[in-house]
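Participant: Handing you a structure now.
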Amino acid sequence: MKRLSLLVLSLLAIAGARADEVQVAVAANFTGPMQVISVLFEKDTGHKAVLSYGATGKFYAQIKNGAPFEVLLSADDETPARLVKEGAAVSGSAFTYAIGKLVLWSANPDLIDGSGAILKKGGFRHLAIANPKTAPYGAAALQTLGKLGVAETLKPLFVQGENISQTQQFVITGAAELGFVAFSQVIKNDRIGSGSGWIVPENLYDPIRQDVVILAKGKDKAAATALLSYLKTPKAAAVIKSFGYSLP
Amino acid sequence: MESADLAAVWLTLKLATVVTLLLLIFGTPIAWWLARTHSRLKGVVGAIVALPLVLPPTVLGFYLLITMGPNGPVGRLTEALGLGLLPFTFPGLVIASVFYSLPFVVQPIQNAFEAIGERPLEVAATLRASPWDAFWSVAVPLARPGFLSGAILGFAHTVGEFGIVLMIGGNIPEKTRVVSVQIYDHVEALEYTQAHWLAGGMVIFSFLVLLGLYTFNPTRRKVL
């Protein structure tokens, strides 16, 4: 009997410890920084962030249909706003945690010069972009091409990735010679790590604001609130910047 | 339905038809060999044919992307032959789908050939039918249910393909954007009405295909 109550007690203790866990849905492009931040977060606060990575649109559908996520780090600012409006997220909790930068990138070290002149010059067969309908980086890429006046001529060369990671995969494998990806995917020591690339000037596309929000399931949960506060600390900000994002 | 949706439906039907025809042409000799051989290679070939049944489509798609890309062996070959590269093209999708749907066509036909046994072919031989003649006038008619099952399953499976197309297709309208990808896009873009049209259509289509298979071909039910 004593043993049994001991077992029950220890099970309760485990259940109690689990309450400090927060289930986080993370936009695919933010995978790298969030892996680093979650380790720091656990060390500094004792709370544990359990991370799931994926496309924001898919997370939206899952959240609306009862997924157990408590926090969403979105790839855009529209999805969190929409979730708040529909009562699936805590109003007033959303803020911009990072602003994404767009890069034209190729695995070939000689293909792209520092001004992106190749877009006008041509001479390539495929240009990979993330699906502009669903991915913010894809929409930004399309906007950039529009401002450069080459969107129509390059359209037949588009190949679309389902998200920004898959777009990068097309370029890494060489199946597409070049493509628009997130700076965070190719950054190393504050610059483009391998291949060649052009960091697209920010006046060519609307800022890619990535918002975080507490979801209905994370309301009044200490670990969720703690995570959002933690994202604003200088420590987290330094990590976010080191991955090539800017801050609001 | 929007014209983009119709284009996706049309492309999917075209892809499934081409793939099914190719699989009947190339799958039949493989099925025949697997059914009749006593070679030690039978196990190896059978296992390779069955691989797509157990591998996630993303694995197949990933390797196809690498081998058909400019740095892969197939990519180098197609470039040298002046055919260009296969990823992001309709022929590329066809080749990928042929691999992916291979077991669904080969296995029912193989089962049907095996079920015939040696006897009818021996009888045909005593009547002085050449092996070629015996194959066409004895084996093929007797294995008809297997061919029917294989064709229907191969077609339906290609229609339902998603992971591979996502990996090597590049989502190009009228070339590689098939129905399953279009549904995925609609869901991601929160266009649930259009998604329901296509997704509901797929459910009905698949049900009718299987209903037809079970109703008109009851003896070969075990292939599934």
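Participant: How large is the convex hull of the C-alpha atoms of region A:82-140 per residue, in Å³?
Facilitator: Working: hull volume 7.9 nm³, N = 59.
Spelled out: Cα convex hull of region A:82-140, divided by residues, is 135 Å³.
Participant: Report relative contact order for chain A in percent, whole number only (criteria: Cα-Cα under 8 Å, sequence separation at least 6). Please list the in-between numbers first.
Facilitator: Numbers: 463 pairs, mean separation 72.1, N = 248.
Over chain A, the number comes to 29 percent.
Participant: Please state the relative contact order of chain B as a whole percent: Cα pairs under 8 Å, 6+ residues apart?
Facilitator: 30
Participant: For chain A, with a Gaussian network of springs between Cα atoms less than 10 Å apart, report the residue from A:Val84, A:Val39, A:Val181 with the top mean-square fluctuation.
Facilitator: A:Val39
Participant: Under a 10 Å cutoff between Cα atoms, tell me which one of B:Arg36, B:Arg177, B:Arg119 has the largest fluctuation in the Gaussian network model of chain B.
Facilitator: Result for chain B, Cα springs under 10 Å: B:Arg119 fluctuates most.
Participant: Calculate how large, on average over all directions, the projected area of the Cα convex hull of chain A is; give the answer in nm² to one decimal. Before the final figure, lay out the partial values.
Facilitator: Numbers: hull surface 62.7 nm².
Answer in nm², one decimal: 15.7.
Participant: If you find the alpha carbon centre of region B:131-147 and of region B:49-101, how far apart are they in angstrom?
Facilitator: What the calculation gives is 32 Å, centre to centre.
Participant: Please report, in whole Å³, the volume per residue of the convex hull around the C-alpha atoms of region A:42-169.
Facilitator: Values: hull volume 20.5 nm³, N = 128.
Taking the convex hull of the Cα positions in region A:42-169, it is 160 Å³ per residue.
Participant: Picking from A:Gly149, A:Gly54, A:Gly138, which is most flexible by a Gaussian network model of chain A using Cα springs under 10 Å?
Facilitator: Most flexible of the set in this elastic network: A:Gly149.
Participant: Shifting gears a bit: Counting only C-alpha contacts under 8 Å and six or more residues apart, can you give the relative contact order of region A:113-240 as a whole percent?
Facilitator: Working: 135 pairs, mean separation 33.9, N = 128.
It rounds to 26 percent for region A:113-240.
Participant: Can you tell me the convex hull volume per residue for region B:29-156, based on C-alpha atoms, in Å³ to the nearest whole number?
Facilitator: Measuring per residue, one finds 139 Å³ for the Cα hull of region B:29-156.
Participant: Here's a follow-up. Answer with one residue from A:Gly116, A:Ala67, A:Val90: the one whose Cα lies farthest towards the positive end of the charge dipole of region A:58-132, charges on Cβ with Lys, Arg +1 and Asp, Glu -1.
Facilitator: Towards the positive end, the residue furthest out is A:Gly116.
Participant: On to the next question. Out of B:Val140, B:Val178, A:Pro80, whose Cα points farthest toward the positive end of the dipole of the protein assembly as shown (charges: +1 Lys, Arg; -1 Asp, Glu; placed on Cβ)?
Facilitator: B:Val140
Participant: How many percent of the alpha carbon pairs in the protein assembly as shown exceed a separation of 44 Å? Don't skip to the end; give the middle numbers.
Facilitator: Details: 31107 of 111156 pairs.
Value for the protein assembly as shown (Cα pairs over 44 Å): 28 percent.
Participant: May I pose another question? Give me the net charge of B:Asp185's neighbourhood, meaning all other residues with Cβ under 12 Å from the Cβ of B:Asp185; Lys, Arg count +1, Asp, Glu -1. Mind dumping the intermediate values first?
Facilitator: Details: positive: A:Lys58, A:Lys133, B:Arg177; negative: A:Glu162, B:Glu2, B:Asp5, B:Glu188, B:Glu191.
Residues near B:Asp185 contribute -2 overall.
Participant: Next up: For the protein assembly as shown, report the accessible area per residue in Å² (1.4 Å probe, heavy atoms, rounded to an integer). Can you show the working numbers first?
Facilitator: Values: 22780 Å² over 472 residues.
Value returned for the protein assembly as shown: 48 Å² of accessible area per residue.
Participant: Net charge around A:Leu119, counting only other residues with Cβ within less than 15 Å of its Cβ (Lys, Arg = +1; Asp, Glu = -1)? Working shown, then result.
Facilitator: Details: positive: A:Lys120, A:Lys121, A:Arg125, A:Lys147, A:Lys155; negative: A:Asp113, A:Glu152, A:Glu177.
My count for the surroundings of A:Leu119 gives +2.
Participant: Just the number, please: percent antiparallel of the DSSP beta bridges in the protein assembly as shown, rounded to the nearest 5.
Facilitator: On the way: 20 of 36 bridges.
The antiparallel proportion sits near 55 percent.
Participant: Quick one: the Cα spread of region B:127-176 along its three principal axes, in angstroms, biggest first?
Facilitator: 56, 18, 17
Participant: Separation of region A:161-201 and region A:40-72 by C-alpha centroid, Å?
Facilitator: 25
Participant: Let me ask another. Can you send over the carbon and sulfur percentage of the accessible area for chain B, probe radius 1.4 Å, protein chains only? List each step's numbers first, then the result.
Facilitator: Working: 8180 of 11540 Å².
Ligands and nucleic acids excluded, carbon and sulfur give 71 percent.
Participant: Find the percent of Cα-Cα distances in region B:46-87 that exceed 14 Å, and round it to a whole number.
Facilitator: Details: 453 of 861 pairs.
The proportion of pairs with Cα distances above 14 Å equals 53 percent.
Participant: Okay, moving on. Provide the buried accessible surface between chains B and A in square angstrom, both chains summed, 1.4 Å probe, rounded to the nearest 100. Please report the intermediate quantities before stating the final value.
Facilitator: Details: alone 12530 and 12230 Å², together 22780 Å².
Rounded to the nearest hundred, the buried surface is 2000 Å².
Participant: Here is a follow-up. What is the distance, in nm, between label points placed 7 Å from the Cα along the Cα-to-Cβ direction at A:Ser242 and at A:Ile99?
Facilitator: 2.2
Participant: What are the principal axis extents of the Cα atoms in region B:18-66, in Å, biggest first?
Facilitator: 34, 27, 17
Participant: Work from the charge dipole of the protein assembly as shown (Cβ charges, +1 for Lys and Arg, -1 for Asp and Glu, about the Cα centre) and give the residue of B:Gly150, A:Ala151, A:Gly32 farthest towards its positive end.
Facilitator: Result: B:Gly150, furthest along the dipole toward the positive end.
Participant: I'd like the mean, over residues of A:167-178, of how many other protein chain beta carbons sit within 10 Å of each residue's own Cβ.
Facilitator: Working: counts 1, 0, 4, 7, 0, 2, 13, 9, 16, 6, 1, 0.
Going residue by residue through A:167-178 and averaging, the value is 5.
Participant: Right, another one. Which lysines have a Cα less than 25 Å from the Cα of A:Lys232, not counting those fewer than 8 places away in the same chain?
Facilitator: Straight-distance partners of A:Lys232: A:Lys43, A:Lys48, A:Lys85, A:Lys101, A:Lys188, A:Lys217, A:Lys219, A:Lys221, A:Lys241.
Participant: While we're looking at this one, here's another question. Take the Cα pairs of region B:149-222, get the Kirkwood Rh, then feed it into Stokes-Einstein at 4 °C and 1.567 mPa s and tell me D in µm²/s.
Facilitator: Details: Rh = 13.6 Å.
It comes out at roughly 95 µm²/s.
Participant: Can you divide the C-alpha Rg of chain B by 2.2 N^0.38 Å and report the result to two decimal places? All intermediate terms of the calculation are to be shown ahead of the outcome.
Facilitator: Values: Rg = 19.6 Å, N = 224, 2.2 N^0.38 = 17.2 Å.
Cα-based Rg divided by the globular estimate yields 1.14.
Participant: Moving on. I want the local charge near A:Ala55. Using Cβ-Cβ distances under 13 Å, sum +1 for each Lys or Arg and -1 for each Asp or Glu among the other residues.
Facilitator: Numbers: positive: A:Lys58, A:Lys133; negative: A:Asp76, A:Glu162, B:Asp185, B:Glu188.
Around A:Ala55, the surrounding residues sum to -2.
Participant: In chain A, what % of DSSP beta bridges are antiparallel (nearest 5)? Write down the numbers at each step before the final one.
Facilitator: Working: 20 of 36 bridges.
Antiparallel bridges: around 55 percent, rounded to the nearest 5.
Participant: Continuing with this model, one more query. Charges only on Cβ, +1 for Lys and Arg, -1 for Asp and Glu: so what's the dipole of chain A about the Cα centre, in debye to the nearest 20?
Facilitator: Working: 25 positive and 19 negative charges, 97 e Å.
So the dipole magnitude of chain A works out to roughly 460 debye.
Participant: Relative to the longest principal Cα axis of chain B, at what angle does helix B:144-159 sit, 0 to 90 degrees, rounded to 10?
Facilitator: 10
Participant: Something else: Could you size up the charge dipole of chain B around its Cα centre, putting +1 on the beta carbon of Lys and Arg and -1 on that of Asp and Glu, and report it in debye to the nearest 20? Don't skip to the answer; put the middle values down first.
Facilitator: Values: 13 positive and 12 negative charges, 177 e Å.
The dipole of chain B has a size of about 840 debye.
Participant: Given +1 on the Cβ of Lys and Arg, -1 on the Cβ of Asp and Glu, and no further charges, what dipole in debye does region A:102-199 carry about its Cα centre, rounded to the nearest 20?
Facilitator: Values: 8 positive and 6 negative charges, 32 e Å.
Here the size comes out at about 160 debye.
Participant: Return the inverse of the average 1/r over all pairs of distinct C-alpha atoms in region A:102-199, which is the Kirkwood hydrodynamic radius, in Å to one decimal.
Facilitator: Working: mean 1/r = 0.0775 Å⁻¹.
Hydrodynamic radius (Kirkwood, Cα only) of region A:102-199 equals 12.9 Å.
Participant: Helix-only estimate, please: 222 nm mean residue ellipticity of chain A, summing -39500 (n - 2.57) across DSSP H runs of length 4 or more and dividing by its residues, to the nearest 500.
Facilitator: Numbers: 11 runs with 102 residues, N = 248.
When only DSSP H runs of four or more count, the value is -11500 deg cm²/dmol.
Participant: If a helix is a whole DSSP H run, which ones in chain A reach 15 Å or further along their own axis (Cα) and hold a mean Kyte-Doolittle hydropathy of at least 1.0?
Facilitator: Values: long enough: A:2-18 (24 Å, 1.29); A:31-45 (20 Å, 0.19); A:136-148 (18 Å, 0.38).
Those that pass (Cα extent of 15 Å or more, hydropathy at least 1.0) are A:2-18.
Participant: Each label point is 7 Å from the Cα along the Cα-to-Cβ direction; what then is the distance between the points at B:Thr17 and A:Leu148, in nm?
Facilitator: The answer from the label model is 4.0 nm.
The values are calculated or read from the model by the stated rules, or taken from the named source; none is laboratory data. This structure is a prediction, so every number in the text was calculated from the model and none was measured. Please note: Cβ atoms are built from the backbone with ideal geometry, for glycine as well, and neighbour counts cover all protein chains shown. SASA here: full protein model, heavy atoms, side chains in, ligands and nucleic acids out. Shrake-Rupley method; radii C 1.70, N 1.55, O 1.52, S 1.80 Å.
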